[in-house]
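What follows is a set of notes on a single structure, which appears directly below.
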Amino acid sequence: MAEVPERPVLLTGASGALGRVLARGLGAAGWKLRLTDILPFPDELPQAASFTQADLVDGMAILRLAEGCGTILHFGGVSVEQPFTEVLGPNIQGLYHVYEGARRERARVVFASSNHAIGFHERSERLDDDCQLRPDGYYGLSKAYGELMGRLYWDKHGVENVNLRIGGCRPKVDNARTLAIWLSYADLLRLVVRATLAQAVGTLVIWGASNNARGFWGRDGRAVIGWEPEDSADPFIPQQQGNVSGDPVQERYQGGPYCAIGYSRTEPSPKELFPAR
Ligand code: 15L
């Protein structure tokens, strides 16, 4: 029989696309799940699961939900680029509530970080887990903050955490950029299982991408948890390689469309570069 965590697992963002994949997969494996989201849970509840509708900004609610849990899978919060004021509550304050819950319960945090924490690296670069954080918007900034929160809580309180820098986790490879960043649902599920069950993890960053030949990312902490992706975007190369945006900012950077949102940099003119001439 598949291994099951000793203590219950809290899953935030349970009603979101990835939360639903995890609730279904982990529920089917017999995990004792405490699901939560600001929105109602749209699916049938797995057998050993409960659901509580709650806002991440409500600290008391999150601390109560974390009581007795051994792991918090933090997939909740704003999941796309939004104005700063929209991101602030769920992704910054909410993250603090999650980490405080983990500290009190001696629980591990598995955090859904994102490629948008490093989105302003150029596509020609191959990045390792210790590359500079280069967020491509307020959403990406909140994910970078989340990774740093993990660093702080490990160093100061010994709270273990695994930060999954997820690429594009969706059912299908939908364009040329996704050929590099695709993470299949099945690879995500196996990744979260290993991040939860692995013995000692400290604080880790793992690139959340399947085995894609066109990938941007290299070394990370996957060996510590014993995970390797099994799927690949490669079969979709012929169909998707020409499916590009035509926007130079999007195509230049790893974060793609997020980099172009509100982008106001202009290339310096020769006069600005060489004012003396
Ligand atoms: C993300 O972080 C988002 O949550 C997801 O909706 C996609 O936009 C993905 O990044 C991506 O970069 O394609």
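Over the chain, what percent of the accessible surface lies on carbon and sulfur atoms, probe 1.4 Å?
52 percent
What angle do you read, to the nearest 10 degrees and between 0 and 90, between the alpha-carbon axis of helix 185-197 and the longest principal axis of the chain?
It works out to around 60 degrees.
On a C-alpha basis, how far is the centre of region 37-81 from the centre of region 208-260 in Å? Whole number, if you could?
Rounded to whole Å, the Cα centres lie 29 Å apart.
If you count only protein heavy atoms with a 1.4 Å probe, what accessible area per residue comes out for region 74-191, rounded to a whole Å²?
Values: 4710 Å² over 118 residues.
Here the per-residue accessible area is 40 Å².
So if the hydrodynamic radius of the chain is defined as the Kirkwood radius over C-alpha pairs, what does Stokes-Einstein give as its diffusion coefficient at 20 °C and 1.002 mPa s, in µm² per second?
111 µm²/s
Can you quote the Å³ per residue value for the convex hull of the Cα atoms in region 140-268, rounded to an integer?
Details: hull volume 16.5 nm³, N = 129.
Given the Cα convex hull of region 140-268, per-residue volume reads 128 Å³.
Helix 94-105 sits at what angle to the longest principal axis of the chain, using alpha carbons and giving 0 to 90 degrees rounded to 10?
40 degrees
Tell me the net charge near LEU133. Cut-off is 12 Å between Cβ atoms, LEU133 excluded, with +1 for each Lys or Arg and -1 for each Asp or Glu.
Surrounding charge for LEU133 is 0.
The values are calculated or read from the model by the stated rules, or taken from the named source; none is laboratory data. Being a predicted model, the structure only gives us computed values, none of them experimental. Note that each Cβ is placed from the backbone with ideal geometry, even for glycine, and that neighbours are counted across all protein chains shown. Just so you know, the surface numbers come from the protein's heavy atoms only, side chains and all, with ligands and any DNA or RNA stripped out. Shrake-Rupley method; radii C 1.70, N 1.55, O 1.52, S 1.80 Å.
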